[in-house]
Every structure is written in C-alpha cells, then in structure tokens.
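Input: a single structure, listed below in structure tokens.
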Amino acid sequence: MRLKTRDRGFSLIEAVVVIMVLAISVPPSLQLLDSAASTRADAINATRAALLGTSVLEQILADVHSSSLGLGFGALGDADAYLNTPGNGLVPRIAGVTDTYSALGLTYSVTIGALAQADGAVSGDKRFDVYRRITVTVTYPSASAGDIDMPISAIVAEMGP
C-alpha cells in the first residue's frame, strides 16, 4: 500500500504571483497614507495658525480698550512704536505666547490701517474717519502647498467716555 504525501509550501509560481500582487498594491497604499499624513499636518498647522492669529488680535483688542499709559486706541496711530517698543510694545509683551508658535515654524505680522469710515473708505473728515482695520497675518508651513498666509481682521474704534 502506498501512502499519499501531501506537498507542503508554495510553488515557485505561487510565490511569484504573491510578489507581483504586493508590488502592485503596496505603492498606492503608501501614497494614500502619505497623503493622509500631509492632510492631517496641514489641518493641525491651520488650527495652530488660527490660534496664534486670534491670540494676537485678542491682545490688540484688549490694548485698544486699555487705559494704561501707552495703550488705548490712540496708540495705534504710531504702529511701529505700538508694536516694537522694547519692553512694552506688543511684540515683546506677547513673546511668551508667540515663541511657542515660532518654534513650530509659524510667523505673524500685524497691519494697522489708517483712520477710515465704517465701510473702509477714507474721507479725510475726522468726524467720520474713526475706525481702524487691524489685520494679523499668520504664515504657516504646509505639507502640500508651501507656505500659507492666514489673515484675521477686526475693525476697531475708540470707545467713548
């Protein structure tokens, strides 16, 4: 009587087929994973940019309504002094917050517009030109599109007594 032996393992053809299937399916899967990681990184950086921009703008709004020396709506008239005065300018005062974001590759700039009307037009009439547009532009790195600018704006006016 003859015993049947069962062949174990893969044949050469089966091994080649498995390698071909893997060679075809793995690269697109890796591209999908890379794309998902880039999208996630961009979403995280956009959230960080929004947090930085609103933090800076909130501080400016607080300064506009402050009665402290060197602050208030009038301080916006000399943007460079308001922003960059050593010790009490906006940039040095909020460095503890912004340095964390700078370490992550985010930068910001502040633009303080001229006195204008509520619609943004400058009439030259001091009775109507009582508003300023403040824009904080945050630049953050993107995994897919280079650097991206995110502007955040508010219009401020001097509060009456």
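Observations on the model:
- The residue that is surrounded by the fewest Cβ atoms within 10 Å (Cβ to Cβ), counting only those in region 63-76 that are farther than 15 Å from Arg133 by Cα and of a type in the set (A, V, I, L, M), is Leu69.
- Checklist (1) under 24 Å from Val156 (Cβ atoms); (2) modelled with pLDDT of 90 or more; (3) aliphatic (A, V, I, L, M) applied to Ala103, failing item: (1)
- Residue match in region 54-65 (condition: within 30 Å of Ile112 (Cβ to Cβ), part of a helix (DSSP H, G or I) and small (Gly, Ala, Ser)): yes
- Extreme residue, nearest to the chain's Cα centre (by Cα), among residues of region 26-60 that are among the hydroxyl-bearing types (Ser, Thr, Tyr) and over 27 Å from Ser109 (Cβ atoms): Ser35
- Selection count, region 117-161, where residues are touching a Ser or Thr at 6+ places or on another chain (Cβ under 8 Å) and within 14 Å of Gly74 (Cα to Cα): 3
- Arg6 meets each of the listed conditions (1) at pLDDT 90 or above; (2) basic (Lys, Arg); (3) loosely packed, with under 14 Cβ neighbours inside 10 Å apart from (1).
- For the condition charged (D, E, K, R) and farther than 22 Å from Ser38 by Cβ, Asp99 qualifies.
The values are calculated or read from the model by the stated rules, or taken from the named source; none is laboratory data. Values in this document were obtained by computation on a predicted structure and should not be read as measured data. Quick reminder, even Gly has a Cβ in these numbers, built from the backbone with ideal geometry, and neighbours come from all protein chains shown.
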